[in-house]
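No lab work stands behind these numbers, since they all come straight from the coordinates. Please read all numbers here as calculations on a predicted model, not as lab measurements. Here the Cβ is made from the backbone with ideal geometry for all residues, glycine too, and neighbour counts use every protein chain on show.
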Amino acid sequence: DQQVKQNSPSLSVQEGRISILNCDYTNSMFDYFLWYKKYPAEGPTFLISISSIKDKNEDGRFTVFLNKSAKHLSLHIVPSQPGDSAVYFCAATPTGTASKLTFGTGTRLQVTL
Amino acid sequence: AAGVIQSPRHLIKEKRETATLKCYPIPRHDTVYWYQQGPGQDPQFLISFYEKMQSDKGSIPDRFSAQQFSDYHSELNMSSLELGDSALYFCASSLALRLAGGADTQYFGPGTRLTVL
């Protein structure tokens, strides 16, 4: 049972344009959400997070939007750069210390010149 | 800034052998997590420790055990290895902030690639 879903396995965007990566979840206990970027043979790198008490969090070129009623979140990257090409994982966890992350299946982003 | 350190980075073992993976968390982090990522899959939670006590347990086989030591580093011990144990094993660490309405951000190490032949 995939509790966190990323329905687009891949996405191709031109350099300078906006990249939008989507994530849906089913577990109502999740209330903290994170996005990680992953290169092959490396560990996931934390990008940005959002708590369920917010609907938007911004950090530089990265913005995460949360629609709690729809159980949907999205990551916007503006402007997209070739170095952003990687696999992006959405992850979710309930509130609390040492809570495990449940990951989505990932979206491979390719930023073209 | 210091990151999570994992050793070894690569490990090749035969079936039925044992393996020990080590994780050194970011300094001052008190919580350690282990995840397993099979080929083409998302990372799956195995086990976590907070202040040297087991905190949560996921789909970890009985053949695996782990612990967190007094210096907060952690070791994942894997016995009677099977071909299906071949995967990337990630360790992550966090600092338990105990924020109301929040959770702790986990920072991942580079992983150990285990190959079982």
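Of the residues B:G40, B:G84, B:G58, the one that moves most in a GNM of chain B with alpha-carbon contacts below 10 Å is B:G40.
Partner shielding of A:36-47 amounts to 5, given as the average count of beta-carbon atoms from other chains within 10 Å of each residue beta-carbon. Judged by the gyration tensor of its Cα atoms, with axes a ≥ b ≥ c, chain A is prolate; a/c meets the 1.5 cut and a/b is the larger of a/b and b/c.
Of the chymotrypsin sites (Phe, Trp or Tyr not before Pro) found in the stretch B:20-98, the ones in coil according to DSSP and having at most 15 other Cβ atoms within 10 Å of their Cβ are B:F69. The GNM of chain A, with springs linking C-alpha atoms under 10 angstrom apart, assigns the highest mean-square fluctuation among A:S52, A:S28, A:S74 to A:S28. Taking a ≥ b ≥ c as the square roots of the eigenvalues of the Cα gyration tensor, an a/c ratio of 1.5 or more together with a/b larger than b/c marks the protein assembly as shown as prolate.
Averaged over the residues of peptide B:39-47, the number of Cβ atoms from other protein chains lying within 10 Å of each residue's Cβ is 5. Dipole magnitude for chain A: computed about the Cα centre from +1 point charges on Lys and Arg Cβ and -1 point charges on Asp and Glu Cβ, it is near 80 debye. Estimated from the Cβ-Cβ distance and a Förster radius of 22 angstrom, the FRET efficiency linking A:N57 and A:Q2 is about 0.35. Per the Cα gyration tensor, the stretch B:38-114 maps to an equivalent ellipsoid with semi-axes of 24, 15, 11 Å, ordered largest to smallest.
Under a Gaussian network description of chain A, with springs only between Cα atoms under 10 Å, the residue in A:Y39, A:Y25, A:Y88 that fluctuates furthest is A:Y39. Of the trypsin sites (Lys or Arg not before Pro) found in the stretch B:35-117, the ones in coil according to DSSP and having at most 10 other Cβ atoms within 10 Å of their Cβ are B:R98. When the pairs A:K5/B:K13; B:K13/B:K52; A:K68/B:K22 are compared against a 30 Å limit on Cα-Cα distance, A:K5/B:K13; A:K68/B:K22 fall above it.
Under the classification rounded if a/c is under 1.5, otherwise prolate if a/b is larger than b/c and oblate if not, where does the stretch A:64-113 fall, given a ≥ b ≥ c as square roots of the Cα gyration tensor eigenvalues? Prolate shape, in that a/c is at least 1.5 and a/b is the bigger ratio.
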